[in-house]
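Take a look at the structure below.
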Amino acid sequence: MNVISFLRLIYMIYGGKKPDAEKIQKMGLLAVKLGQVHALRIDFLNEETCLELAKLYRATIPIKSEDALKNINRDNFIWVDEKPLASASVGQVYRAKLKSGEEVVIKIIKADFKKKFEK
């Protein structure tokens, strides 16, 4: 995140208007994490701002399942659900069933999360 983007984010959070969670997501992972931290600060941000920022915990832009699951060794599984159970800023989780019959959850870390965080 460059200085200009950081200042835009701070203005979005503290500028008096309701911040736009979707715009914050498009700014990258660091912006999302900063927004999530600020969502908890009802002690110095108004409730409307905190509620909008709290959307950053629930609504993230998922990556395509085919991209997320392409590096999974499917030989270990009977099946892997193609639809994610949840999507977060750093990864997604999928239901699966091991060959042993045990149902598990697989967490896939987004391939470019480190690059997006450093961006």
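Brief remarks follow.
- Three principal axis extents describe the C-alpha atoms of region 1-81; from largest down they are 52, 26, 15 Å.
- Of all aspartates and glutamates in the structure, the ones whose alpha carbon falls short of 17 Å from that of K70, not counting any fewer than 8 places away in one chain, are D81, E82, D112.
- About its Cα centre, region 1-104 has a charge dipole of approximately 200 debye under the convention of +1 per Lys or Arg Cβ and -1 per Asp or Glu Cβ, with nothing else charged.
- Rule-of-thumb Rg ratio for region 43-102 [Cα; 2.2 N^0.38 Å; N residues]: 1.59
- For the residue pairs K33/K107; K26/K107; K23/K97; K23/K99; K55/K107, the alpha carbons lie more than 30 Å apart in K23/K97; K23/K99.
- Partners of K18 within straight-line reach, counting aspartates and glutamates whose Cα lies under 15 Å from its Cα and excluding those fewer than 8 residues away in the same chain: E47, E48, E52.
Since every read-out is calculated from the coordinates, none of them should be taken as a lab result. A quick note: this is a predicted structure, and the numbers were derived from the prediction, not measured. With ideal geometry, Cβ positions are generated from the backbone for all residues, glycine too; neighbour counts draw on all protein chains shown.
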